[in-house]
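Chemist: Okay, handing you the structure first.
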Amino acid sequence: MNPQFNSSSCFACGLENSSGLRLRFYDNGKDQVFACFTLDPAHAGYPGIAHGGIVAAILDEVGGRTVMINNPNLFFFTAHMDLRFRQPVPVGVPLEACGQLLKRRASRTQAYAEIFNSCKSVLAEADILYTDLPPGLLKPDEAEAVFGWRLYESIGHPQR
């Protein structure tokens, strides 16, 4: 498993964002991205259940990270997301998210993302379309200075 870059400030992957999710992503070098995490009760909508916006953010990020496999500086925007909530997503328990690259063509990427529990039951899933950032909006050589984009020290790779 290959560790992916993180930001210092991003809500999803910002390791220095005290109110964020602080997700760490790993990829298989080909077409899948993974993240293991436990949501904090502060990310709940109803007691014990993650807010739908938090769930959408996780799916969006893990799917989008498929764009970055083998190229950590290929930044993207979400163009469309079709989200399906299958079961309540709990807070305070270990969960996993997986993004699957479906198709990459020119500046567009299609991916599928899901969150599942330790029993491998799918809790939420999404089909997502991404588009590359327009040229000049963010220069890759400025990403570390602008938002702390770099490979942070690893805390161990998840086993798959």
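Values quoted throughout were computed directly from the atomic coordinates according to the rules given, and no laboratory measurement underlies them. Since the model is a prediction, treat every value here as computed from it, not as a measurement. Here the Cβ positions follow ideal geometry from the backbone for every residue, glycine too, while neighbour counts run over all protein chains shown.
Chemist: Treating cross-link reach as a plain straight distance, find the aspartates and glutamates whose alpha-carbon is under 14 Å from the alpha-carbon of K139, omitting any fewer than eight places away in the same chain.
Modeler: Within the straight-line limit of under 14 Å, K139 reaches no aspartates and glutamates at all.
Chemist: Work out the length of the dipole vector of the range 1-151 about its Cα centre, built from +1 on the beta-carbon of each Lys and Arg and -1 on the beta-carbon of each Asp and Glu, and round it to the nearest 20 debye.
Modeler: On the way: 13 positive and 15 negative charges, 59 e Å.
Computed about the Cα centre, the dipole is about 280 debye.
Chemist: Order of 35-43, 140-148 by packing, highest average Cβ count within 10 Å first?
Modeler: So the peptides 35-43, 140-148, ranked by packing, come out 35-43, 140-148.
Chemist: Okay, next question. Just from its helices, what would the mean residue ellipticity at 222 nm be for the chain, if runs of 4 or more DSSP H residues each count -39500 (n - 2.57) and the sum is divided by every residue, rounded to the nearest 500 deg cm²/dmol?
Modeler: The helix contribution divided over the chain gives -3000 deg cm²/dmol.
Chemist: What aspartates and glutamates could a cross-link reach from K103, if we take a straight Cα to Cα line under 12 Å and drop same-chain neighbours fewer than 8 places away?
Modeler: Partners found: D31, D127.
Chemist: Mind listing the long-range amide H neighbours of G148? Cut-off is under 5 Å, sequence gap 5 or more, other chains count too, H placed in the peptide plane at 1.01 Å from N.
Modeler: For G148, whose amide H was placed from the backbone, the distant partners under 5 Å are S8.
Chemist: Quick one: check the C-alpha center-to-center distance for the range 113-131 versus the range 1-48, whole angstrom.
Modeler: So the two Cα centres are separated by 14 Å.
Chemist: Continuing with the same structure: Compute the relative contact order of the range 39-117 as a whole-number percentage, counting only Cα pairs closer than 8 Å that sit 6 or more residues apart in sequence.
Modeler: Working: 104 pairs, mean separation 27.3, N = 79.
Computed value for the range 39-117: 35 percent relative contact order.
Chemist: If I take every Cα pair under 8 Å that is 6 or more residues apart in the range 2-147, average their sequence separation and divide by the length, what percent do I get for the relative contact order? Don't skip to the answer; put the middle values down first.
Modeler: On the way: 324 pairs, mean separation 32.4, N = 146.
Relative contact order for the range 2-147 comes out at 22 percent.
Chemist: Given the options N117, A50, T38, identify the residue whose Cα lies farthest towards the positive end of the charge dipole of the chain (+1 on Cβ of Lys, Arg; -1 on Cβ of Asp, Glu).
Modeler: Result: N117, furthest along the dipole toward the positive end.
Chemist: May I pose another question? Once Rh is set to the Kirkwood radius over Cα pairs, what Stokes-Einstein translational diffusion coefficient, in µm²/s, holds for the range 29-160 at a temperature of 20 °C and a viscosity of 1.002 mPa s?
Modeler: So the translational diffusion coefficient is about 137 µm²/s.
Chemist: Now for a separate question. Relative to the longest principal axis of the chain, what angle (0 to 90°, nearest 10) does the C-alpha long axis of helix 52-64 take?
Modeler: 40
Chemist: Give the lysines whose C-alpha is closer than 23 Å to that of K120, dropping any in the same chain fewer than 8 places away, or say none.
Modeler: Hits, sequence-local ones excluded: K30.
Chemist: Continuing with this model, one more query. Along the charge dipole of the chain, which of F5, F147, L95 sits closest to the positive end, that is, farthest toward it, with unit charges on the beta carbon of Lys, Arg, Asp and Glu (+1, +1, -1, -1)?
Modeler: L95
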